[in-house]
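Encoded as structure tokens, the structure appears first; notes follow it.
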Amino acid sequence: KAGVTQTPRYLIKTRGQQVTLSCSPISGHRSVSWYQQTPGQGLQFLFEYFSETQRNKGNFPGRFSGRQFSNSRSEMNVSTLELGDSALYLCASSLVLGSSDTQYFGPGTRLTVL
Amino acid sequence: TQLLEQSPQFLSIQEGENLTVYCNSSSVFSSLQWYRQEPGEGPVLLVTVVTGGEVKKLKRLTFQFGDARKDSSLHITAAQPGDTGLYLCAAYMEYGNKLVFGAGTILRVKS
């Protein structure tokens, strides 16, 4: 069974631009969570989607948004990029809703904001 | 302030040595997870501990959940270069319904 895939793997943007990251969960998994990982703050929860609805949200500004499609694939969008948005963005999928279920992480998208 | 405090932050040891990584909190958790993350990859779940005092073994790795379910430790026996990576502990927060991670311990095992 294929794992979680994320595209693109690397991205370079400039301040003020927007970016869209994509995540394809493991086949059959209906929940997708997004995390931001930085050296200073570590791994922080962004949001979780299940059945095309955002179920939980972390403490991030409204510039960070996401959506989930009927096939469970998910995208996250960051608008008006800031230098501090440079990070590894990780997507994780699980069978059911709720972070207590085992999450399987993708390799991440490394975003650099110049 | 991190909800989960991990120590040490960095560990550089020789192959064959033993080591212990700690994960502490003032909160009580229903379960706690340990992950390993290698460069260029996402975290991979190693184990979930659920019961206070529980000890789980995964080859040379031994995981323990504190009796009060506030802390956990990861002990590696006879470390090998393949153990190199970032070790993260994580706990499920029912308030906010999210997984919270510690800052991690970077382990480097030199041959």
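The values are calculated or read from the model by the stated rules, or taken from the named source; none is laboratory data. The model shown is predicted, which means the values in this text are computed figures rather than measured ones. Just the protein is used for accessible areas: all its heavy atoms, side chains included, with ligands, DNA and RNA removed. Shrake-Rupley method; radii C 1.70, N 1.55, O 1.52, S 1.80 Å.
Per-residue SASA remark: B:SER27, around 40 Å² accessible (1.4 Å probe; ligands, DNA and RNA not included).
Between B:LYS57, B:LYS70, B:LYS98, the Gaussian network model of chain B with springs among Cα atoms under 10 angstrom shows the greatest mean-square fluctuation at B:LYS98. What fraction of the DSSP beta bridges in chain A is antiparallel, stated in percent and rounded to the nearest 5? Taking every DSSP beta bridge within chain A, about 90 percent pair in antiparallel fashion. On a per residue basis, segment A:1-65 carries 52 Å² of accessible surface, using protein heavy atoms and a 1.4 Å probe.
If the cut-off is a Cα-Cα distance under 26 Å, which lysines reach A:LYS13, setting aside same-chain residues fewer than 8 apart in sequence? Hits, sequence-local ones excluded: A:LYS57. Ordered by solvent-accessible area of protein heavy atoms (1.4 Å probe), largest first, the residues B:LYS110, A:LYS57 come out as A:LYS57, B:LYS110. Relative to one another, the C-alpha centroids of segment A:1-21 and segment B:56-84 are positioned 33 Å apart.
A loss of 40 Å² or more of accessible area (1.4 Å probe, protein heavy atoms, ligands and nucleic acids excluded) relative to the isolated chain is seen in these residues of segment B:42-66: B:PRO43. Taking every protein chain into account, the accessible area of chain B amounts to 50 square angstrom per residue (probe 1.4 Å). Summed over both chains, the area buried between A and B is near 1400 Å², taken from the accessible surface of protein heavy atoms with a 1.4 Å probe. The portion of the accessible surface of the protein assembly as shown made up by carbon and sulfur, rounded to a whole percent, is 49 (1.4 Å probe; DNA, RNA and ligands excluded).
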